[in-house]
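To start, the structure itself, in C-alpha cells.
Bear in mind these aren't lab numbers, they're just calculated from the coordinates by the rules spelled out. Predicted, not measured: the structure shown is a model, and the values here were computed from it. Cβ sites come from the backbone with ideal geometry, for glycine too, and all protein chains shown count toward neighbours.
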Amino acid sequence: MKSLLEEIVKKRNCYLLLLPTFVLLFIFEYYPVFSAIYNSFFDWDGFTSPRYVGLNNFIQLIFKDPVMSVSAKNITILTVFRVLIAITIPLIAAELVFNIFNMKIAYVYRALFVIPMVVPSMVNLLVWKFVYNPQYGLLNKFLKIIGLSSLCRAWLGDFSTTLYAILFLGFPWISSLWFLIFLAGLQNISPDIFDAAKIDGVTGLNRIRFIDIPLILGQAKLVLILSTINALQGYVGIMVLTSGGPGNSTMVPGLYLYNNAFYFNKMGYACSIGVILFSILLLLTYINLKYIRSSEESQ
Amino acid sequence: MSKSVKVISVVVLIFFILGICSISFAEKKVIRMDAREYYPRERLSTDRWNPPTYLWRLEKEYETLHPDIDIQFIRPPEGMDADVWLTTQLTGGTTPEISEQLFSEVNRNAYKGWYVDLAPFLEKPNPYVKDNKKWRDIFLEIAIATGKAPDGKSQYVLPIGITGTAIFYNKDIFKKVGVKVPGTWKEFIDIQAKIKQAGYIPFAFPMAGEKMRANWSLRTIQDMILDSKMAEIKGVKGTVKRTAIEASAISQKELVQAIKKGVYSVRDPQWQEQLRLFKEWSKYWEDGYLGVDSQGAYMLFINGQTAMMYESAAQIKPIEVDPLRKFQYGLFYFPRITKESSKYATGISAAAVGGVTGAGAWIIPSTTKDRGLLNEAIDWLMFITAPQNYIPMANDLGAAAPALKARKGLDKRLEPFVKSLERGVFRVESFYRGLTREYAESFYQILQQYLADKLTLQQACDQIQIEMEKAANALIDARPEWGIKK
C-alpha cells in the first residue's frame, strides 16, 4: 500500500493530468447512473419534493404496466433482429471488400460503405419516413409500378406492418461502424496464416468459416456488445417515425422512458425504466464477456 | 524572481485584462425570447411562403431605444415537441427570459413556482402606448381571463393570439360532385359519401404525430352529444352556458368530481356516442390515416386529392399563398349534430374550437427574476404588445389575430376564426388538457386501436374508463386542497 502511494506521489504529474478526465467522467457518466438508481425509489415530478415509494415503481413497471409489457416484447424482437443483422451483414460486406484484390477498387468500395456515416441520422430517418408515406412514398409507388398494388398500405399506420417497417429501417443494414470494425479485424490477420491455409487447401467459404471468423471473434464480440446496447437503448428512429404508434404497437422502453420523464413529468418512474434497462445491459455484457471468447482470449 | 514566477505573473495579468474586457463587453443585458411561431428567419429555397420577420424590425427599434439591451430570439429544436423542450428548460432552470406556453399547461404547472406572476405588472402603465394607464387595458378581457391562474388572482401567462378552427374545402371538387356546404352532421356524412363515390378522398385526417385534429373533433362532438348532461356534470341545476375560454364552463375540479360520482363516465352510452360518430366519419378519411401526420394531410388537400381538411387559422397564410394550390377554397364551421344522426343530440350548434390559444401566449419564467432581468423582460413585452407593434407582427405571421382592443390594420382573413368564437367554445374536455397528459396519451392510443378495429367500442370504453379514473385519482393526489375523496 505504501509503495503504491509512493508510486502515485512520484508520478503525481501524470495523475494530475488524468484527474480532469476522471472528474468529468464521474460528473457526466457515473453520477447520472447513481442519481437514476436513487430516484427510481421516489415518486418525483422533477421539480417538487420527491416522495419515497420504495419498490413501487418497479412493481408497477414489471407487473402492472401494460405499455411496458408491449415495449418489452417490441424491444426483444427489435434487439434480436438488429444484433443478428449487425453481426452478419456488415461482416459479409467486410469480407467482400477484403477479398477484392485490386486495391484501388477495394478503397472505392470501402469509401462507399463509410460515406453514409457522415449523413445525419435525422436526414436518414426523414428519407425513410418519405419511403413509407402511404400516398407519396417510394415503397408504394414501386409496388404499383411492378403491379403489386394490392400490397400497398400505410406502412407506419397499419398495426400489422409498423413493427416490420421499423425493422426494415436502414436496409441494407450495412452499418459503417460495424463494417469498419470487421474490416479492420480481417486486415489484422497475418498474411502468413492465409498462405498456410491456402497450402492446406482451405479456401473460399471454408477459409471464412475456419480462419476469418475465429480470428475476428474479438471484433464480433465488440459489435455484439455495442449493437445490443444500441438496440436496447435506441428509440430516436421510432420517435421520429411513429412516436410509438399506432396505439402502442411500436413503443419501446427508451421512448417510454422519455415520455414518462419529459412528457408525463414522472421522473422517478422514468428512472426505474432506466435502471431496469441498465441492469439488463449489464447482465448481457457480463454474459458476453464471460462466455464468448475470442481466439486470443482462449489461449 | 525566477523565470517560472515571471511566466505565471504574465499569464495571470493576461487573464486579468481579459476579465476586465469581458466585463465591459458583457455590459449589455441579454433578453432571450423563445419567439416560437414568431421566430424570425430568412426565407429558404424550400419555403413556399415568406416566414415571419417582423420581430427583427421590432428588435432593431427597441435596441435603438435601449442600447444596453440585446434581444436574442431562439426557438425549440426542430422536430422536438416544443412543450417537452420547455418543460426540460423550466425543470433545469435554463428557460429563456421570455417563452411561450399554452394557458392550460401553465395552469397545470403553476403550483411548481415556475412562472412570474404578471398581474402586478398589468396594473402598471405601458409606456409604449399613448395615454395608457394600465397595461391590461390594451387587451381584450378574454385574454386576461384566459390567462388567469386557478387561484383567480395570479396571471402567469399573457395569451394574446386568438385562433379558431374551420373545415377547409375544395370548391372545385364540391362543384364537380355537385354538393353544397353541409350544415348538419347528416349532410356532412352524406356529401362525403357522394365525394367518395365520385372517386375523390373526402377528408384528409391526420392521426399520426400530434393529436390535435382528433381532439378538436371529439371535443366538438362531445359538447353536442353531452349537451343535455352538462348541468349534471357541473353539479348544478339549469343549463351550462358556453364561454369563450376553452373547457372553462366546467372546471377540472368539477370534471374530476363528475368522474368520481360516475356522472361523467365512459361506460355511459351517451358518452360512447361520440366515439361511434367519430368512427363512422373515419370511413371517409384517406387510406392509412393512422400513419398520416398533419403535414401529410395538408399536402393531400393542397394537391387537390382530398375535398376537405380540418385546420386552424394558422393555415390561412400557407393555403392563401401556396403555389401548389390550383383550386378555389372555402371554409365552413364544424356541422351541427341533429336527431337524424344521434338520439342524444339536442340540436345545439357545434362549439368553436379555439380562443386565445394561438401563437403568442407569453410567459416569463421565475428564473428571469433570479437573473435580475425581470424588469427588462417586462419592458420588452410591453414594447411588442403595443398595438402599433403587435398588429403588424401578427399580420406578418398570419396565423392568429391579436387579442387587443385596437383592431386597426388587422388582416381581414383572420376574421372568420375570431367570429367563430361567438358561438362559444366547448364546455368540457377530458381528452387533451382536461385531465393528465398521461391520460391524453393513453386515450389516443386506445382510440387508434378502436379505429383500426383492434378493439370493439365496449373494449375501448372499458380501457378508457380505467385510464380516466387513474388520471382523476392522480389529480386528486396532486390537489389535496380540492378535498375530493378517492
Next on the checklist: Distance between the C-alpha centers of the stretch A:221-286 and the stretch B:447-482? Whole Å please.
Outcome noted: 24
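Rounded, prolate or oblate, given the Cα gyration tensor of the stretch B:320-434, with a/c below 1.5 counting as rounded? It would help to have the intermediate numbers written out before the result.
On the way: a/c = 2.67, a/b = 1.57, b/c = 1.70.
Note, shape of the stretch B:320-434 comes out oblate.
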Item to check | Share, in percent, of DSSP beta bridges within the protein assembly as shown that are antiparallel, nearest 5 | outcome: 65
Checklist entry - Hey, rough spin-label estimate for B:L65 and A:D192, points 7 angstrom out along Cα→Cβ, what's it come to in nanometres? => result 8.3
Checklist outcome for this item: Placing each pseudo-label 7 Å from Cα in the direction of the beta carbon, A:L84 and B:Q72 end up separated by a distance in nanometres of 5.0
Checklist entry - What residues qualify as long-range amide H neighbours of B:F73, i.e. H under 5 Å apart, gap of 5 or more or another chain, H built at 1.01 Å from N? => result B:M33
Checklist outcome for this item: Expected unfolding gain across B:E27-B:T239 under the 0.36 nm per residue rule, minus the alpha-carbon gap, is 70.4 nm
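Which shape class, rounded, prolate or oblate, goes with chain B when its Cα gyration tensor gives a ≥ b ≥ c as root eigenvalues, a/c under 1.5 marks rounded, and past that a/b bigger than b/c marks prolate?
Numbers: a/c = 1.92, a/b = 1.58, b/c = 1.22.
Judged from the Cα gyration tensor, chain B comes out prolate (a/c at least 1.5, a/b above b/c).
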Item to check | Approximate spin-label separation B:K326-B:R48, in nm, with each point projected 7 Å along Cα-to-Cβ | outcome: 1.3
Checklist outcome for this item: With only helices counted (DSSP H, runs n ≥ 4, each -39500 (n - 2.57)), the per-residue ellipticity at 222 nm for chain B, to the nearest 500, works out to -13000 deg cm²/dmol
Checklist outcome for this item: XL table A:K73/B:K279; B:K124/B:K253; B:K134/B:K405; Cα-Cα > 22 Å flagged, in table order, is A:K73/B:K279; B:K124/B:K253
Checklist outcome for this item: So for the stretch B:363-486, using the alpha carbon gyration tensor with a ≥ b ≥ c as root eigenvalues (a/c under 1.5 gives rounded; past that, a/b versus b/c decides prolate or oblate), I'd call it oblate
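Sort B:K419, B:K196 by Cβ crowding within 10 Å, fewest neighbours at the top. Could the numbers behind the result be given before it?
Numbers: B:K419 12, B:K196 16.
Sorted ascending by nearby Cβ count, the order is B:K419, B:K196.
Given R₀ = 41 Å, what would the calculated FRET efficiency be for A:N124 paired with B:Y111, taking r from the Cβ atoms and rounding to 0.05? Show your work: numbers first, answer last.
On the way: r = 42 Å, r/R0 = 1.02.
Computed FRET efficiency for A:N124 and B:Y111: 0.45.
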Next on the checklist: Can you work out the Karplus-derived ³J(HN,Hα) for every residue in the stretch B:157-166? Use 6.51 cos²θ - 1.76 cosθ + 1.60 with θ = phi - 60°, whole Hz, and x for glycine or proline.
Outcome noted: 9, 10, x, 10, x, 7, 9, x, 10, 7
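Say R0 is 25 Å: what FRET efficiency, to the nearest 0.05, do B:Q270 and B:K454 get from their beta-carbon distance?
On the way: r = 24 Å, r/R0 = 0.97.
According to the calculation, E is roughly 0.55.
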Next on the checklist: Check which residues have an amide H placed less than 5 Å from B:T306's amide H, if you skip close sequence neighbours.
Outcome noted: B:F301
Checklist outcome for this item: Nearest-0.05 FRET efficiency for A:L148 and B:K180 at R0 = 56 Å, using Cβ-Cβ distance, is 0.90
Checklist outcome for this item: Sorted by chain and number, the residues with a modelled amide H under 5 Å from that of B:A244, at a separation of 5 or more or across chains, are B:V425
Checklist entry - If one puts a single equal scatterer on every Cα of the protein assembly as shown and applies the Debye formula without solvent, what log₁₀ I(q)/I(0) results at q = 0.05, 0.06, 0.10 Å⁻¹? => result -0.34, -0.48, -1.21
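Evaluate peptide A:245-256: per residue, the Cβ atoms of other protein chains within 10 Å of its Cβ; return the mean as an integer.
On the way: counts 10, 14, 12, 6, 6, 0, 1, 0, 0, 0, 0, 0.
For peptide A:245-256, the averaged partner shielding equals 4.
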Next on the checklist: Kirkwood Rh over alpha-carbon pairs of the stretch A:66-298, then Stokes-Einstein at 20 °C and 1.002 mPa s: what D in µm² s⁻¹, rounded to an integer?
Outcome noted: 107
Checklist entry - How far is the Cα center of the stretch A:148-200 from the Cα center of the stretch B:69-133, in Å? => result 48
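Would you mind giving the mean number of other chain beta-carbons within 10 Å of the Cβ of each residue in B:454-463, as a whole number?
Across B:454-463, the average partner-chain Cβ count within 10 Å equals 1.
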Item to check | Exposure proxy order (Cβ contacts within 10 Å, fewest to most) of B:R48, A:R153, B:R413 | outcome: B:R48, B:R413, A:R153
Checklist entry - Got a sec to turn the phi values of the stretch A:45-56 into Karplus ³J(HN,Hα) couplings, 6.51 cos²θ - 1.76 cosθ + 1.60 with θ = phi - 60°, whole Hz, x for Gly and Pro? => result 8, x, 9, 7, 4, x, 10, 5, 10, x, 8, 3
Next on the checklist: Could you derive backbone 3J(HN,Hα) for the stretch B:345-355 from the dihedral phi with the Karplus parameters 6.51, -1.76 and 1.60 (θ = phi - 60°), listing whole Hz in sequence and x where the residue is Gly or Pro?
Outcome noted: 5, 9, x, 5, 5, 5, 5, 7, 10, x, x
Item to check | Residue order, fewest to most beta carbons within 10 Å, for B:T64, B:T243, B:T385 | outcome: B:T64, B:T243, B:T385
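Per 0.36 nm of contour for each residue apart, how much would the distance between B:T88 and B:K369 grow if the chain were fully extended, relative to their Cα-Cα spacing?
Values: separation 281, 0.36 × 281 = 101.16 nm, distance 1.85 nm.
Working it through step by step, the gained length comes to 99.3 nm.
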Checklist entry - Averaged over A:262-270, how many beta carbons belonging to a partner chain fall within 10 Å of each residue's beta carbon? => result 4
Checklist entry - Out of A:F58, A:F113, A:F262, any idea which swings most in a Gaussian network model of chain A, alpha carbons joined below 10 Å? => result A:F262
Checklist outcome for this item: Projected onto the charge dipole of the stretch A:66-298 (unit charges on the beta-carbon of Lys, Arg, Asp and Glu, signs +1, +1, -1, -1), the Cα from A:I75, A:P246, A:I213 with the largest positive-side position is that of A:P246
